[in-house]
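Structure first, then comments.
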Amino acid sequence: MSNSYFSLKQFTIWQDKCAMKVGTDGVLLGAWVSIEGARRILDVGTGTGLIALQLAQRCPEACITAIEIDREAALQAKENVLRSPWPDRVAVECCDFTDFTSTKKFDLIVSNPPYFVDALRCPDAQRNLARHSDGLNYEVLFGHSAPLLNKDGQISVIIPYEAEKLVADAAWKNGFSPIRHTDVYTKPGKPCRRQLLSFAMGTPKFGRDSLYIEDENGHYTPEYVALTKDFYIKL
């Protein structure tokens, strides 16, 4: 059975009401995404509120809106925010992303989106909602993000390696170009597991690199430690 909470250096995530627990993907995205110039941030599909709180920790001047379609998860995210050091800067809303509107635009949109596009369903309806892309697919994510972003705004996601073409096509159809791309490997000799991607409007500069979580001996790499040490207690 999964732990009912996950402790990080500056806050704790309670997760007993959420289908998707704290995992490496969310921590990676929250630690990796560029926060330069980010004063208004939107976290789409916040789940436990993990990424929203990571960004609150990293961006002392930012205000973060975190939206979640699942009612129980949204309630738990609100509780996690209230227990954190930043309850005045993170607002959680329970809504469908396609229904979300804002009078002010965002500098940054982040999402750890559902990724089992064609996978078989499991019996747990809440877990299906969190993991499958019927409600929040890549087309919806990029299409609805476009009018919510400032002209220089960015959208950043973490996706499985196999979804790269789907994401690239959805981004291109909605006027986004890649600006940063990191291939994530568990260790040398293993296939690429995840991709961290950032997009912006127009044709900005593009850079691509790799991140290995462990070395050949099963120890965390210096790069991974440097990226996540502000969050994981044991690093």
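The values are calculated or read from the model by the stated rules, or taken from the named source; none is laboratory data. Values in this document were obtained by computation on a predicted structure and should not be read as measured data. Here the Cβ positions follow ideal geometry from the backbone for every residue, glycine too, while neighbour counts run over all protein chains shown.
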- The condition from (1) at pLDDT 95 or above; (2) assigned to a helix (DSSP H, G or I) that R127 misses is numbered (1)
- Going by the conditions given, is T65 surrounded by 15 or more Cβ atoms within 10 Å (Cβ to Cβ), among the polar types (S, T, N, Q) and either in contact (Cβ under 8 Å) with a residue 24 or more places away in the chain or assigned to a loop (DSSP other than H, G, I, E, B) (or both)? yes
- Query: Which of the residues spanning the range 1-58 are buried (at least 17 other Cβ atoms within 10 Å of the Cβ), over 13 Å from the mean Cα position of the chain (by Cα), under 20 Å from R71 (Cβ atoms) and in contact (Cβ under 8 Å) with a residue 60 or more places away in the chain?
  - Reply: I13, W14, Q15, C18, A19
- Of all residues in the range 84-95, count the ones that are exposed (fewer than 15 other Cβ atoms within 10 Å of the Cβ) and out of contact with any strand residue (DSSP E or B) (no Cβ under 6 Å at 6 or more places or on another chain). 3
- Quick check: is even one residue across the range 2-15 modelled with pLDDT of 95 or more, out of contact with any helix residue (DSSP H, G or I) (no Cβ under 7 Å at 6 or more places or on another chain) and outside any loop (DSSP other than H, G, I, E, B)? yes
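Within the range 164-178, restricting attention to residues that are of a type in the set (A, V, I, L, M) and surrounded by fewer than 20 Cβ atoms within 10 Å (Cβ to Cβ), which residue is nearest to F97 (Cα to Cα)?
Looking at the filtered set, the residue picked out is A170.
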